[in-house]
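Undergrad: After the structure tokens below, expect a handful of questions from me.
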Amino acid sequence: MSRICVKNLPNYVAEDRLRDLFSQKGEIKDVKLMRTIDGKSRQFAFIGFRTEQEAQEAIQYFNKSYLDTRRIICEIARKVGDPDIPRPWSRHSLKNKDEVAEGGEKVSGGDSTVVIAKGQKKNLKKTSESNDPQLQEFLQVMQPRAKSKLWANDTLIVSTDCPNESVKEKPTQSKKNIKEKLIEAKVR
């Protein structure tokens, strides 16, 4: 392609100045400085050269060079629907192309991509969570104090008064009943 994209331009630069600067490396067909609706510079521009070789020479010469105090980046301009375009990092940009597939969604996880129906998305998360032992251990450790046991034997009480009795579950009886059982155990 004979168009290049110049990024990180100063806010105040004009199309005429870009045309003069980049005409050092070849004949320029057009210059398009991108602006917002308000007219503010978006700090990048597209510059069209007559031949592809001139565009390559301009990229090699101007890439990572300085325009006033700003370090500009030059690269080949890509078409809007080009699949090789890197994912935009801006939160204002549109979703990635892998998001939607025919009749379902694409879920990318590591090296594999799986197409699933919309209703199956929750089930996929649950199965992946239940298969991961490290995640289960983490979730168990990170429970709130009200739900977690502080000690491993929180639900068990060993009676020291009666050595022949076995380990019992934590009693939920009233204090009066507990005192009566302790008195009976001492009398025996």
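Undergrad: If the requirement is being in a loop (DSSP other than H, G, I, E, B), in contact with a strand residue (DSSP E or B) (Cβ under 9 Å, 6 or more places away or on another chain) and free of Cβ contacts under 8 Å to residues at least 24 places away in the same chain, which of these qualifies: K64, K32?
TA: Of K64, K32, the one residue that is in a loop (DSSP other than H, G, I, E, B), in contact with a strand residue (DSSP E or B) (Cβ under 9 Å, 6 or more places away or on another chain) and free of Cβ contacts under 8 Å to residues at least 24 places away in the same chain is K64.
Undergrad: While we're on this one: Looking at (1) of a type in the set (G, A, S); (2) surrounded by fewer than 13 Cβ atoms within 10 Å (Cβ to Cβ); (3) within 28 Å of the chain's Cα centre (by Cα), which one does G39 not meet, given that it meets all the others?
TA: (3)
Undergrad: Restricted to region 1-29, and to residues that are touching a helix residue (DSSP H, G or I) at 6+ places or on another chain (Cβ under 6 Å) and part of a strand (DSSP E or B), which residue is surrounded by the fewest Cβ atoms within 10 Å (Cβ to Cβ)?
TA: I28
We did not get these values from a lab; they are worked out from the coordinates using the rules stated. This structure is a prediction, so every number in the text was calculated from the model and none was measured. Neighbour counts run over all protein chains shown; Cβ positions are idealised from the backbone, glycine included.
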